[in-house]
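What follows is a set of notes on a single structure, which appears directly below.
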Amino acid sequence: MLQEDALEGVGTRPFGVYVHVPFCATRCGYCDFNTYTAGELGSSSSPGSWLEALRRELDLAAGLLGTPPRADTVFVGGGTPSLLGADGLAAVLDAVRGSFGLAGDAEVTTESNPESTSPEFFAGLLRAGYTRVSLGMQSAAPHVLRVLDRVHTPGRPVAAAREARAAGFEHVNLDLIYGTPGEREEDLRSSLEAVLAAGVDHVSAYALIVEDGTALARRVRRGELPAPDDDVLARRYELLDAALAGAGLHWYEVSNWAASARARCRHNLGYWLGGDWWGAGPGAHGHIGGVRWWNAKHPARYAARLESGELPVAGQEVLTAQDRYLERVMLELRLAEGLPLEALDEAGRRSVQDAVAEGLLERSALADRGRAVLTGRGRLLADGVVRRLVG
């Protein structure tokens with residue numbers, strides 16, 4: 001699957017492991033991730049069979065990489081990883097540790113649904129070696145949660161964040177979604193107040209996207225709910241950015257804020273800065289040395305491929321030089337450090353000057369550091385700025 005030139009340099013670049021847990025108790029109306037409820041899976045898959053298949057994939061991956069690099073970061077996502085319980089998540093990390101090993105300062109994150117956590121759960125995660133927890137909050141407003149089909153009670157994410165901190169976790173993230181139909185400005189303000197009261201050191205906030213094939217998309221198409229309004233989304237973003245910055249959490253990526261450099265998510269920075277990662281689990285995507293691949297989506301099909309001794313790869317692509325160029329501009333420009341001017345071609349460098357003149361890129365960052373850095377207005381129009389720079 002990986003050509004020799006893709007394997008060159010493995011271990012010299014940041015290396016992460018992403019593990020996809022495909023299980024959810026219920027399906028949220030806005031979510032298009034590769035997830036399955038117990039009723040959808042029936043007897044075709046279980047957490048036990050998934051974990052056994054995961055171990056096989058990680059062992060095959062380590063063999064393919066030769067002398068596998070130790071993981072600098074591990075991120076367990078989903079789905080709802082916390083449904084595995086602390087013991088199940090400990091087994092996941094043991095599998096990664098057994099196949100790849102962990103760097104001495106490895107960042108190890110798991111996503112969790114607040115409703116499937118407890119003080120004992122967080123204590124167990126800490127003993128297992130996890131260093132960071134990411135909790136899905138989305139909103140503190142009950143009517144917003146109902147539109148999103150979220151099942152947790154409004155106050156539970158804040159309580160869970162406090163429990164994680166009390167257990168000894170220094171790094172705790174809360175996720176927000178803004179722009180949900182029916183959300184008012186005061187609803188977002190209340191959500192932000194709750195986030196800040198939780199004492200977390202990281203916040204991720206995303207504008208609601210109505211994904212095709214979801215229950216939410218069907219409701220919008222039938223006229224039951226209005227589609228998110230771009231002007232409203234822009235005002236919401238400015239509100240949350242000001243509130244978070246005022247509380248000492250500063251943006252380091254367009255949709256992510258942290259209280260310090262140590263609080264930034266190193267695993268995600270590996271994605272944005274072109275690092276290597278092995279994506280393990282049903283539907284997971286991986287990237288090594290310019291080769292990207294994705295696994296079979298259904299847990300039963302994923303496990304069957306591994307039982308036959310094969311990696312469960314469903315498809316792959318080799319990134320061209322132009323692909324890598326486009327991705328570097330698209331991803332690095334979203335970071336607070338911005339993109340070095342020398343990374344752009346001649347046309348891109350000319351476009352930078354126009355973007356500065358229009359207030360989309362910071363003039364001082366370009367003059368003092370030779371970097372293209374989005375202004376506040378530029379962050380609202382980041383996709384458009386990228387299109388201009390790549391022609």
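The values are calculated or read from the model by the stated rules, or taken from the named source; none is laboratory data. Bear in mind the structure is a predicted one, so any value in this text is a computation, not a measurement. Every residue, glycine as well, gets a Cβ built from its backbone with ideal geometry; the counts of neighbours run over all protein chains shown. Accessible surface areas use protein heavy atoms only, side chains included; no ligands, DNA or RNA. Shrake-Rupley method; radii C 1.70, N 1.55, O 1.52, S 1.80 Å.
Brief remarks on what is shown
- Leading residue by the ranking (least open to solvent (accessible area, probe 1.4 Å)) among those in the stretch 152-195 that are aliphatic (A, V, I, L, M) and more than 21 Å from the chain's Cα centre (by Cα): Leu188
- Filter result (open to solvent by 20 Å² or more (accessible area, probe 1.4 Å) and either more than 30 Å from His287 (Cα to Cα) or in contact with a helix residue (DSSP H, G or I) (Cβ under 7 Å, 6 or more places away or on another chain) (or both)) within the stretch 237-260: Glu238, Leu239, Asp241, Ala242, Ala243, Ala245, Gly246, Ala247, Gly248, Trp251
- Hits in the stretch 261-288 - residues which are open to solvent by 10 Å² or more (accessible area, probe 1.4 Å) and closer than 24 Å to Tyr178 by Cβ: Arg264, Asn268, Leu269, Tyr271, Trp272
- Odd one out for Pro299, checked against (1) within 18 Å of Leu64 (Cα to Cα); (2) touching a residue at least 12 places away in the same chain (Cβ under 8 Å): (1)
- Candidates Leu381, Leu331: the one that is within 30 Å of Val92 (Cα to Cα), open to solvent by 40 Å² or more (accessible area, probe 1.4 Å) and not basic (Lys, Arg) is Leu331.
- Residue selection: Glu310 satisfies the criterion of being among the acidic types (Asp, Glu), in a loop (DSSP other than H, G, I, E, B) and surrounded by fewer than 18 Cβ atoms within 10 Å (Cβ to Cβ).
- Leu83 being open to solvent by 40 Å² or more (accessible area, probe 1.4 Å), touching a residue at least 60 places away in the same chain (Cβ under 8 Å), in contact with a helix residue (DSSP H, G or I) (Cβ under 7 Å, 6 or more places away or on another chain) and over 23 Å from Asp276 (Cα atoms): yes
- Considered as a group, the residues in the stretch 295-307 that are over 22 Å from the mean Cα position of the chain (by Cα) and of a type in the set (Gly, Ala, Ser) include one that is surrounded by the fewest Cβ atoms within 10 Å (Cβ to Cβ), and that residue is Ala304.
- Considered as a group, the residues in the stretch 40-77 that are of a type in the set (Gly, Ala, Ser), under 21 Å from Ala103 (Cβ atoms) and buried (at least 17 other Cβ atoms within 10 Å of the Cβ) include one that is farthest from the chain's Cα centre (by Cα), and that residue is Ala62.
- Restricting the stretch 28-39 to residues that are open to solvent by 70 Å² or more (accessible area, probe 1.4 Å) and of a type outside the set (A, V, I, L, M), the residue that is farthest from Thr180 (Cα to Cα): Gly39
- Matching option when the condition is farther than 23 Å from Leu64 by Cα, under 26 Å from the mean Cα position of the chain (by Cα) and in contact (Cβ under 8 Å) with a residue 60 or more places away in the chain, among Arg324, Arg328, Arg379: Arg379
- In the stretch 32-59, the residues that are modelled with pLDDT of 90 or more and in contact with an Asp or Glu (Cβ under 8 Å, 6 or more places away or on another chain): Ala53, Arg56
- Close contacts from the stretch 158-186, counting a first residue that is within 21 Å of Asp241 (Cβ to Cβ) and a second that is open to solvent by 50 Å² or more (accessible area, probe 1.4 Å) and of a type in the set (A, V, I, L, M), with Cβ to Cβ under 8 Å and a gap of 6+ residues or different chains, come to Val158/Ala197.
- Residues that are open to solvent by less than 10 Å² (accessible area, probe 1.4 Å) and within 18 Å of the chain's Cα centre (by Cα) were ranked within the stretch 94-111; the one that is nearest to Cys28 (Cα to Cα) is Thr110.
- The stretch 157-210, residues that are under 22 Å from Arg379 (Cβ atoms) and in contact with a Cys (Cβ under 9 Å, 6 or more places away or on another chain): Asn173, His202, Ser204
- Considering only residues in the stretch 137-151 that are within 20 Å of the chain's Cα centre (by Cα) and open to solvent by 10 Å² or more (accessible area, probe 1.4 Å), the one that is modelled with the lowest pLDDT turns out to be Arg150.
Okay, residues lined up against (1) more than 30 Å from Leu196 (Cα to Cα); (2) in contact (Cβ under 8 Å) with a residue 60 or more places away in the chain:
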{"site": "Trp251", "(1), (2)": "no, yes"}
{"site": "Ala258", "(1), (2)": "no, no"}
{"site": "Gly286", "(1), (2)": "yes, yes"}
{"site": "Trp294", "(1), (2)": "yes, no"}
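- Pairs meeting the criteria (first residue in the stretch 353-364 and touching a residue at least 60 places away in the same chain (Cβ under 8 Å) and under 15 Å from Leu333 (Cβ atoms), second residue open to solvent by 70 Å² or more (accessible area, probe 1.4 Å) and polar (S, T, N, Q), beta carbons under 9 Å, at least 6 apart or on different chains) are lacking.
- Helices (runs of 4 or more DSSP H) completely within the stretch 204-304 that count 1 or more residues being closer than 22 Å to Val76 by Cα: 266-272
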